[in-house]
């Protein structure tokens, strides 16, 4: 995060230890280690990583619980309050689904929503934050972008994708699981993901780089290892043959 987010080192600020302990008391169990780290580093200010309508701060979350606006739940812990006036959907941890010192992140209005109104987002908060910043800081600013979907017949997408991209000089900057892929090198970056409850072996992707020829070569190398690559949009659009 410090490497790719300009100004983060001087703008992030951790939550008060007392607020972190109050969050743990509300959860009724030990906080996931990654979430404790997040609150210790970014729990008072996320600086340039702040989301426009979401408040992740420990103080705000504690206040929502202590005021009664949000009721404690033995399984779900609020981690970001959405102040969108029209369609708010807050972010919660599912503490019964831990993963790699973290936990599943989902969106819903309250922990008492019907299951079909709960939208699984990422298997971990770590992946959600890293995906967002790689997209914002690198993919979105790339001179050429390609988005689409990957599909594999055996559901082991990253077992094929990871080795193929390492052969092309890509690194994995943040640990991720089966539902998220984060790959970068100096001149290109690829992020892909699916909700943990989505169809196995299918993920949407965003690939950013210097030009269309480079992205086409990367896509071709990915297809060569048995991954079906389905482009949906080039940004900016490629010129047509008539042009």
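Taken together, the values in this text are just the output of simple stated rules run on the coordinates, not laboratory data. What you see is a predicted model, and the numbers here were worked out from it, not measured in a lab. Glycine also receives a Cβ, built like all others from the backbone with ideal geometry; neighbour counts cover every protein chain displayed.
Each label was represented as a point 7 Å from its Cα along the Cα-to-Cβ direction; for residue 84 and residue 140 these points are 1.5 nm apart. Considering only 39, 144, 71, the mean-square fluctuation computed in a Gaussian network model of the chain, springs between alpha carbons under 10 angstrom, is largest for 71.
Label-to-label distance for residue 109 and residue 185 is 4.8 nm, based on points extended 7 Å past Cα in the beta-carbon direction. Against the main long axis of the alpha-carbon atoms of the chain, helix 212-223 sits at an angle near 80°.
Computed from Cα positions, the angle between helix 125-134 and the longest principal axis of the chain comes to roughly 50 degrees. Length gained on full extension, residue 3 to residue 101, computed as 0.36 nm times the residue gap minus the Cα-Cα distance: 33.0 nm. Full extension of the chain between residue 238 and residue 204 yields a length gain of 10.2 nm, computed as 0.36 nm times the residue separation minus the alpha carbon distance. Look at the alpha carbon pairs under 8 Å that are at least 6 residues apart: their mean separation over the length of segment 52-182 gives a relative contact order of 15 percent. Taking only Cα atoms and a 10 Å spring cutoff, compute GNM fluctuations for the chain and point out the largest among 215, 168, 182. Ranking 215, 168, 182 by mean-square fluctuation puts 168 first. Residues of segment 123-146 falling in the label zone of residue 59, defined by backbone nitrogen less than 19 Å from a point 7 Å along Cα to beta-carbon, are absent.
Between residue 50 and residue 167, the C-beta separation translates, for a Förster distance of 41 Å, into a calculated FRET efficiency of about 0.65. When the chain is treated as a Gaussian network with alpha carbon springs shorter than 10 Å, the biggest mean-square fluctuation among 57, 194, 220 belongs to 220. The sum of -39500 (n - 2.57) across all DSSP H runs of n ≥ 4, divided by the residue count of the chain, sets its helix-only mean residue ellipticity at 222 nm to -8000 deg cm²/dmol.
On C-alpha positions alone, give me the angle between the axis of helix 17-27 and the longest principal axis of the chain, in degrees, nearest 10. The angle comes out near 90 degrees.
Gain on full extension, evaluated as 0.36 nm per residue between residue 212 and residue 175 minus their Cα-Cα distance, stands at 10.5 nm.
Grouping the Cα pair distances of the chain into 10 Å bins from zero gives a pair-distance distribution of 7, 29, 32, 22, 9, 1, 0 percent in increasing distance order.
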